[in-house]
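Participant: The structure under discussion is supplied below as structure tokens; questions concerning it will follow.
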Amino acid sequence: MLSASASVQTAAQNPAPAAKSGWRRPPDDELRKKLTRLQFEVTRHEATETPFRNEYWDNHEEGIYVDIISGEPLFSSLDKYDSGTGWPSFTKPLEPANIRTKTDYKLLYPRTEVRSKNADSHLGHLFDDGPRPTGLRYCMNSAAMRFIPVSRLAAEGYGKYLPLFKKK
């Protein structure tokens, strides 16, 4: 796995929310200006960030994770769990239609690569060693995602997900 270190962007430097961006991927020359080196290498060249030294592996705040490039909603904190791997892991996607998979042969064995549908960002890999109920582990790179806390969902155009976090 390729490892790199870079500072994480602030929310102000990130692309517009999905509703405003049309879930598209700008040209790579634009992305190089907007993303950190690590974010660009992960999303565009299938790099992998360092485990236990990334922004979201130990994030326990409620909210959603969106594609760093397009703003496509990807995962919810409600489906996040500690896999012990040092990367943020989820049992299922928030919006399955925004996720696509393909077989990755970069190691000596085939793996299932996870990419965002519209921006075609490399997000991470899917494994079948996760907890119930799905048995799946979506092992993602923090550098490929942006976290939006519940308190910011409406302001950033993701208000439709607020009901998921209503306390019963």
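Participant: Report, to one decimal in Å, the Kirkwood hydrodynamic radius for the range 117-168 based on all distinct Cα pairs. Please report the intermediate quantities before stating the final value.
Facilitator: Numbers: mean 1/r = 0.0741 Å⁻¹.
By the Kirkwood definition, the hydrodynamic radius is 13.5 Å.
Participant: Sort the following peptides by mean Cβ neighbour count (other Cβ atoms within 10 Å, averaged over residues), highest first: 132-139, 114-121.
Facilitator: Numbers: 132-139: 16.0, 114-121: 21.9.
Averaged packing, sorted descending, gives the order 114-121, 132-139.
Participant: Considering the dipole of the range 35-168 built from charges on the beta carbon (Lys and Arg +1, Asp and Glu -1) around the Cα centre, which of Trp87, Asn98, Leu123 is farthest to its positive end?
Facilitator: After comparing all options, I get Asn98.
Participant: Something else: Quick check: net charge around Tyr81, other residues with Cβ under 13 Å of its Cβ, Lys/Arg +1 and Asp/Glu -1? Show your work: numbers first, answer last.
Facilitator: Values: positive: Lys80, Lys92, Arg132, Arg137; negative: Asp58, Asp79, Asp82, Asp129.
Overall, the nearby charge balance is 0.
Participant: Shifting gears a bit: Out of residues 5 or more away from Met145 or on other chains, whose amide H comes under 5 Å of its own, with H placed 1.01 Å from N in the peptide plane?
Facilitator: Ile68
Participant: Taking the radius of gyration and the Kirkwood hydrodynamic radius from Cα positions alone, what is the Rg/Rh ratio for the chain, to two decimal places? Could you put the intermediate results ahead of the total?
Facilitator: Numbers: Rg = 14.9 Å, Rh = 15.9 Å.
Computed over Cα atoms, the ratio is 0.94.
Since every read-out is calculated from the coordinates, none of them should be taken as a lab result. Remember, it's a predicted structure, so these values are computed and weren't measured experimentally. Note that we place each Cβ from the backbone using ideal geometry, even for glycine, and neighbour counts take in every protein chain shown.
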